[in-house]
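Following: one structure in structure tokens, then a few remarks.
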Amino acid sequence: MYDIEFTPEAIDDLKSFRKFEQQIIISGIESQLTYEPTVETRNRFRMRPNEVAEWELRIDKYRVFYNVEHEVHIVSIEVVGFKSGNQLFVRGKRRDL
């Protein structure tokens, strides 16, 4: 079992969503990343090398970018955003990864 930690930036990202959206995102994170966060699925996959995170989790239109520390069993949530078409938005601003 992995512990889930949010960076201060990810907490701010999450706060930019409405309450019901926050609940959807947090529920998805807990159900998908508590056990085996590095097993690739249709909605969870390793990303190409970038400076943000190694993994991406899709929860409906929302995107969660995270890293995994295997030695201490911690999933670190780095960025939370949403996709519209092929563009990613974090805190209402377009962002490239």
Failed condition for A53, given (1) modelled with pLDDT under 95; (2) farther than 18 Å from D3 by Cβ:
(2)
Can you name every residue in the range 16-42 that is surrounded by 11 or more Cβ atoms within 10 Å (Cβ to Cβ) and within 14 Å of R91 (Cβ to Cβ)?
S16, F17, E21, Q22, I25
How do the strands (runs of 3 or more DSSP E) wholly within the range 16-97 filter down when requiring 2 or more residues that are among the β-branched types (V, I, T): which remain?
62-69, 74-84
Flagged pairs (Cβ under 8 angstrom, 6 or more apart or on separate chains; first in the range 17-30, within 16 Å of F65 (Cα to Cα); second assigned to a loop (DSSP other than H, G, I, E, B)) are I24/D60; I25/F17; G28/D60
Taking only the range 72-89 into account, find how many residues are in contact with a Lys or Arg (Cβ under 9 Å, 6 or more places away or on another chain) and surrounded by 11 or more Cβ atoms within 10 Å (Cβ to Cβ).
8
Matching residues in the range 16-31 - criterion: being among the small types (G, A, S), over 17 Å from E78 (Cβ atoms) and over 12 Å from the mean Cα position of the chain (by Cα)
S31
In the range 58-92, anything at pLDDT 90 or above and polar (S, T, N, Q) is listed as N67, S76
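The values are calculated or read from the model by the stated rules, or taken from the named source; none is laboratory data. All figures in this text were calculated on a predicted structure; none of them were measured in a lab. Here the Cβ is made from the backbone with ideal geometry for all residues, glycine too, and neighbour counts use every protein chain on show.
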